[in-house]
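Below is one structure, written out as structure tokens, with a few remarks after it.
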Amino acid sequence: MDEYSKTVSSVAKSVTPHVASVRLDNGSGSAVVFENGRLLTNAHVVGTARRGTATFADGSDATFEVVGVDPLSDLAVLSARGEIPPPATLGNADELEVGQLVVAVGNPLGLNGSVTAGVVSALGRALPVRQGKAGRVIEDVIQTDAALNPGNSGGALADSDGRVVGINTAVAGFGLGLAVPVNVTTMRIVQTLISDGRVRRAYLGLVSMPAPLPDDVAARTGQKAGLRVVEVVTGSPAHRAGLHSGDLVLTVGRKQVSDAQGIQKQLFADAIGTELPVTVLRGGAMVDVFATPTELSVR
């Protein structure tokens, strides 16, 4: 057996026991054991269901209840009753590189324990999601060419060491699969779902895109890029704070930002109603404004 095949086979052997096929009243998909007695899957797999059944590669079954669902990250946590396999080893998607081998394990088309392999095609993709009238973009989604089909959603995307670095979330087209990254931000969402059953988010009301800093500013700050404000929602906290379209955001909460995730990391419940300093480059000068985020409504 060649080295590539050995690697894929080894990953499949180590990850498959931790991936379940889940059945709910409104559909089915996959889920990954990530803590003792708990599984992680997609919010769109769960939908409005509150319970279901998980079947593992060894043929064992377990019932589960839905602990929490967060449609705006497309993640959900399930709590199983009885004995289930131990947790999978989690990795850090922030350490992935384009071209790196990844292996998808799930239950496409009802075929339990299916394995496909490919590479990381791109990083930093954005996946638009919506709940009610609230829209959000899941940042830093992993794009892979590992074949994904209906039923793969909620399954594991693992690196060559068998560490789960993503939760497969969507089939965007032929030869194109997407996965929600497993990283510090994701796990903060997961732990909030476990403790509170939902995720409260702060809202600023601006749309931005990455942009390079002028050379003199980059030299002075040691920062290569920021976020160019494309739109400020009228009446939003960002609007009331005096942020304008065209501003180049350098820091939020005194922390440098160069992508949307840099802001979203700070927009959890503890930021609601708290004054947040924002430094922007405007007309060649650095300006400090202070925005007070409100709670994001998902109705």
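Within region 272-290, residues that are on the phi > 0 side of the Ramachandran plot have Cβ atoms under 9 Å from residues that are hydroxyl-bearing (S, T, Y) and part of a loop (DSSP other than H, G, I, E, B) in these pairs: G273/T292, counting only partners at least 6 apart in sequence or on another chain.
Within region 223-230, not a single residue is over 28 Å from the mean Cα position of the chain (by Cα), basic (K, R) and either open to solvent by 30 Å² or more (accessible area, probe 1.4 Å) or on the phi < 0 side of the Ramachandran plot (or both). Count of region 1-34 residues, restricted to those that are under 30 Å from G197 (Cβ atoms) and touching a strand residue (DSSP E or B) at 6+ places or on another chain (Cβ under 9 Å), is 18.
Applying the condition of being within 23 Å of the chain's Cα centre (by Cα), of a type outside the set (G, A, S) and open to solvent by less than 10 Å² (accessible area, probe 1.4 Å) to region 46-65 and asking which residue is farthest from I142 (Cα to Cα) yields F64.
Within region 234-263, residues that are among the hydroxyl-bearing types (S, T, Y) have Cβ atoms under 6 Å from residues that are open to solvent by less than 10 Å² (accessible area, probe 1.4 Å) and assigned to a loop (DSSP other than H, G, I, E, B) in these pairs: S236/G205, counting only partners at least 6 apart in sequence or on another chain. P210 meets all of the listed conditions (1) open to solvent by less than 40 Å² (accessible area, probe 1.4 Å); (2) touching a residue at least 24 places away in the same chain (Cβ under 8 Å) but one, namely (1).
Of the residues making up region 252-282, those that are over 24 Å from V199 (Cα atoms) and buried (at least 18 other Cβ atoms within 10 Å of the Cβ) number 3.
Take the conditions (1) farther than 28 Å from L101 by Cα; (2) hydrophobic (A, V, I, L, M, F, W, C); (3) touching a residue at least 24 places away in the same chain (Cβ under 8 Å); (4) not in a loop (DSSP other than H, G, I, E, B); A49 misses just one of them, which is (4).
For region 140-165, a residue qualifies if it is buried (at least 22 other Cβ atoms within 10 Å of the Cβ) and of a type in the set (A, V, I, L, M, F, W, C), and the qualifying residues are V141, I142, A146, L148, A156, L157, A158, V164, V165. Within region 233-251, the set of residues being more than 19 Å from D140 (Cβ to Cβ) and open to solvent by less than 30 Å² (accessible area, probe 1.4 Å) comprises S236, P237, A238, A241, G242, L243, D247, L248, L250, T251.
Among residues of region 20-40 that are at positive phi and free of Cβ contacts under 8 Å to residues at least 60 places away in the same chain, those with a beta-carbon under 6 Å from a residue that is surrounded by 17 or more Cβ atoms within 10 Å (Cβ to Cβ) and in a strand (DSSP E or B) at least six positions away or on a different chain give the pairs G37/A80. Say we look at region 185-207 and pick out the residues that are more than 18 Å from the chain's Cα centre (by Cα) and crowded, with 21+ Cβ neighbours inside 10 Å; which of these is nearest to P237 (Cα to Cα)? That would be L204.
Table: residues versus (1) modelled with pLDDT under 90; (2) more than 28 Å from V69 (Cα to Cα).
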residue	(1), (2)
V199	yes, no
L206	yes, no
P210	yes, yes
G222	no, yes
T251	no, yes
K255	no, yes
T279	no, yes
V287	no, yes
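The values are calculated or read from the model by the stated rules, or taken from the named source; none is laboratory data. The shown structure was predicted, so the numbers you read here are calculated from the model rather than taken from an experiment. Every residue, glycine as well, gets a Cβ built from its backbone with ideal geometry; the counts of neighbours run over all protein chains shown. These accessible areas exclude ligands, DNA and RNA; they are computed on the full protein's heavy atoms, side chains included. Shrake-Rupley method; radii C 1.70, N 1.55, O 1.52, S 1.80 Å.
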